[in-house]
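A short worksheet on the structure shown next.
The values are calculated or read from the model by the stated rules, or taken from the named source; none is laboratory data. The shown structure was predicted, so the numbers you read here are calculated from the model rather than taken from an experiment. Here the Cβ is made from the backbone with ideal geometry for all residues, glycine too, and neighbour counts use every protein chain on show. Please note that ligands, DNA and RNA were not included when accessible areas were found on the heavy atoms of the full protein model with its side chains. Shrake-Rupley method; radii C 1.70, N 1.55, O 1.52, S 1.80 Å.
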Amino acid sequence: MSAYEIKNNIYWVGAVDWNLRNFHGYSTNRGSTYNSYLIIDEKVVLIDTVKAPFSKIMLDNISEIIDPSKIDIIISNHVEPDHSGAIPEVLKYAKNAVVYTSAPAGIKGLTMHYGELPLVEVKSGDTLSIGKRTLNFVQTPMVHWPDNLVTYIPEDNILFSNDAFGQHLACSERVDYRADMDQVFEEAKKYYANIVLPYSMQVKKALDVISTLEIDIIAPSHGIIWKKYISQIIDYYNSLVSHKKHDKAVVVFDSMWGNSAIIANAISDAFITSGVSVKMFNLSNSHNSDVITECMDAKYLAVGSSTLNNGIIPTVASFLCYLKGLNPKNIEYIAFGSFGWGGQSIGIIAKELDGMKYKPLTDNIAIQFVPKPEQLLEIKKLVKSKLTVSETKLIEEGN
Ligand code: FEO
């Protein structure tokens, strides 16, 4: 991809990573982009860089606009290597450039990654005149690393938001009004669920600051640049930080011989007939990052596993580990499973979910070997008996 002008003398000069499929455990089925931005003013400024293997692509894009040796300033909004990885390479060309980054975490992080660099520290409220424009810095710690910084240019009403409002999405378009917005919002949701979710309180603080700014463009560090859908993505983030829930259940399981799957289906039926929508995942062929995306706005989560070697199936253990780290809020759970003799899996699941501060919706559901029709009816009755609010809603809706 070539350089792309997003506003007079402000260019996207990043790289599209069409083949990325794994971002430290997050399945990036649609690839990603590493967005870097070049500003031509009295000073030549590069805002963020790209992952190191994409350095040449970025430098080629910069060269379409200006000789990279003319770069005076690099703004490092975030230390994570997908954005800082090409800084050492840029400095080989721009020998007199200096790197502005947040204090203290940005200074420490860049130094620990790359050794001694020509660093200048910035803090919230600091400004830097680059000619006709002024860079305004706002620290946004833990959105989602301690060093996070965003940069705002009031003369252009552009916010360089780094990871906030990003999406892992490789596509040939750079701006929202040219992109498939269903895909963009789908990936923005997945990105929030897998990267930002544990830091919702910090995101809320950042949104409060952002709400005071006049914004025409949000230029994130991954995916599409927001121009036409700014209010929609900000509203969406506001709904995400408030942990807004839907009448939705996620039913997730793995099953040795299909018996835990039969229980999962009975639980799903009970939710559906009570007016609660269901997303069901067999963990033997589903990715944790897709499941967590659905958990984020679900009221209910049913987790099931056969008992295997006195414990749970490893796919379920992996899911619970991933869930614990991201920890979506306000969930009521059901622990279930089939067992042969020990039956430990159901208690293990319940204990893990209790540890995440989730509340049980029902007693644990444990069935020895093959569920009988009358047991499945009992399961449905049990789950439905706990969903009285939704049943009332069904009556109101005339169902
Ligand atoms: Fe896209 Fe936190 O790096």
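About its Cα centre, how strong a charge dipole does the chain have in debye, to the nearest 20, once Lys and Arg get +1 and Asp and Glu get -1 at the Cβ? Can you show the working numbers first?
On the way: 37 positive and 44 negative charges, 167 e Å.
Around 800 debye, computed over the chain.
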Value at 222 nm in deg cm²/dmol, rounded to 500, when DSSP H runs of n ≥ 4 in the chain each add -39,500 (n - 2.57) = -10000 deg cm²/dmol
Average accessible area per residue (Å²) across the chain - probe 1.4 Å, nucleic acids and ligands excluded | 42 Å²
Helix 259-273 vs. the chain, principal-axis angle (Cα, 0 to 90°, nearest 10) | 80 degrees
Scalar couplings 3J(HN,Hα) for the stretch 112-117 by Karplus 6.51 cos²θ - 1.76 cosθ + 1.60 (θ = phi - 60°), nearest whole Hz, x for Gly and Pro, are 5, 7, 10, x, 5, 10
Carbon and sulfur atoms: what percent of the 1.4 Å accessible area of the chain do they account for?
-> 53 percent
Separation of alpha-carbon centers, the stretch 168-207 and the stretch 257-332, rounded to whole Å = 24 Å
Taking the dipole of the chain about the Cα centre (Lys, Arg +1; Asp, Glu -1; charges at Cβ), the one of Pro68, Leu117, His243 that reaches farthest to the positive side is His243
Among rounded, prolate and oblate, which fits the stretch 4-241 when a ≥ b ≥ c are the square roots of the eigenvalues of its C-alpha gyration tensor, a/c under 1.5 means rounded, and a/b larger than b/c means prolate?
-> rounded
For helix 373-385, report the angle its Cα long axis makes with the longest principal axis of the Cα atoms of the chain; keep it between 0 and 90° and round to the nearest 10°.
-> 60 degrees
Qualifying aspartates and glutamates (Cα of each under 16 Å from Cα of Lys244; at least 8 residues distant if same chain) = Asp235, Glu294, Asp297, Glu332
Which whole-Hz couplings ³J(HN,Hα) result when phi for each residue of the stretch 187-196 is put into the Karplus expression 6.51 cos²θ - 1.76 cosθ + 1.60, θ = phi - 60°, listed in order with x for Gly and Pro?
-> 6, 5, 5, 4, 4, 4, 4, 9, 10, 9
Mind pulling the angle between the C-alpha long axis of helix 230-241 and the longest principal axis of the chain? Nearest 10 degrees, somewhere in 0 to 90.
-> 50 degrees
From the cross-link list Lys51/Lys248; Lys190/Lys245; Lys279/Lys324, the entries with a Cα-Cα span beyond 26 Å are Lys51/Lys248
